[in-house]
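Let me begin by presenting the structure, written as structure tokens, before commenting on it.
Read-outs: derived from the displayed coordinates by stated rules, not from any lab. Source: prediction; values computed, not measured. Ideal geometry is used to build each Cβ from the backbone, glycine not excepted, and the neighbour counts take in all protein chains shown.
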Amino acid sequence: MIAKEIFGLEIKRIREQKHFTVRQTALQGHISPAYLSQIENGNKNIPKVETLYKIAKGLRISENEILDIAGITTHENDKTDRYTIDLGEQLDNDKLLLSFEGKELSPEYRQAILSILKTLPDAKKD
């Protein structure tokens, strides 16, 4: 998974390459300029898909391109707005801040969740 800092730098690079200001981009995407600035500076996690689409609109790039930048894989054969995020990779990624009901998941909880997921009948065995 891509780090929030790398994501933010890439968004900023695209915006600056197009000679858009933070304000122009944010208003075009119907998000707050302060929020976009925080994303670009790596102070916010990678947003949810709906917000990524708004950023894409503001940058005038495709939804698939913003998903690629965010490290989210789309299914070419799938005509819906579905995307794949590997939960195991998310839980193993120490650089990714994960929370549940507003509380950060500790490394121990992350490993416990991963252990439980691996016991499920559909879990892929290594």
Which whole number of Å³ per residue matches the convex hull of the alpha-carbon atoms in the chain?
134 Å³
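Mind scanning Lys54/Lys118; Lys18/Lys103; Lys18/Lys95 and naming the pairs with a C-alpha gap bigger than 32 Å?
In this structure, Lys54/Lys118; Lys18/Lys103 exceed 32 Å between Cα atoms.
How high is the relative contact order of the chain, in percent, counting Cα pairs under 8 Å that sit 6 or more residues apart?
Worked out over the chain, it gives 21 percent.
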Which cross-chain or sequence-distant (5 or more) residues have an amide H under 5 Å from the amide H of Gly71, H modelled 1.01 Å from N in plane?
none
How would you order 5-12, 100-107 from highest to lowest mean count of nearby Cβ atoms within 10 Å?
5-12, 100-107
Which ³J(HN,Hα) values in Hz, rounded to whole numbers, follow from the phi angles of region 31-40 under the Karplus curve 6.51 cos²θ - 1.76 cosθ + 1.60, where θ = phi - 60° and Gly and Pro get x?
10, 7, x, 4, 5, 4, 4, 5, 5, 4
Expressed as an acute angle from 0 to 90° and rounded to the nearest 10, what is the orientation of the C-alpha long axis of helix 49-59 relative to the principal long axis of the chain?
20 degrees
